[in-house]
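The values are calculated or read from the model by the stated rules, or taken from the named source; none is laboratory data. It should be emphasised that the depicted structure is a prediction, and the values quoted were computed from it without experimental measurement. Here Cβ is always computed from backbone atoms with ideal geometry, including for glycine, and neighbour counts include all displayed protein chains. Areas reflect the complete protein model, heavy atoms only, side chains present, ligands, DNA and RNA absent. Shrake-Rupley method; radii C 1.70, N 1.55, O 1.52, S 1.80 Å.
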Amino acid sequence: MFNFSANHLLLLSRMEYRTCVVFLMQDHSTRRVYRLYDFTKSQTITSDHYYCVSGKVNSADKLYLVIESVKRDTQHSPDPQLRLEWTARERRS
């Protein structure tokens, strides 16, 4: 197992399964997209904030980025235009 951490992440989607919750998040700086697994189902991540995430990479037979901690990224805040886009997207869903 290896450690990982990423900052400035935005939530793209959230899917709940029987064994875990999977968050699809995008790094705002690099545009890289991560699939993060929460096996405890305890993380509350919303689409209107940036987040800093850390955890472990479980590479037994398939690569899993397993979340250990999540906190809001207080050094970056989404601009008002993004908040309007998120609100519009959530109303359509």
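Trypsin sites (Lys or Arg not before Pro) within region 1-47: which are DSSP loop residues with at most 16 other Cβ atoms inside 10 Å?
Details: sites: 14, 18, 31, 32, 35, 41; in loops: 18, 31, 32, 41.
Loop-located and lightly packed - 18, 31, 32, 41.
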Chymotrypsin sites (Phe, Trp or Tyr not before Pro) restricted to region 1-61 and DSSP loop, no more than 15 other C-beta within 10 Å: 17, 39
Rounded accessible area of residue 15 (nearest 10 Å², 1.4 Å probe): 100
Accessible-area composition of region 4-48, carbon plus sulfur, in percent [1.4 Å probe]: 48
Spatially proximal lysines relative to residue 71 (Cα-Cα < 19 Å; intrachain offsets below 8 disregarded): 41, 56
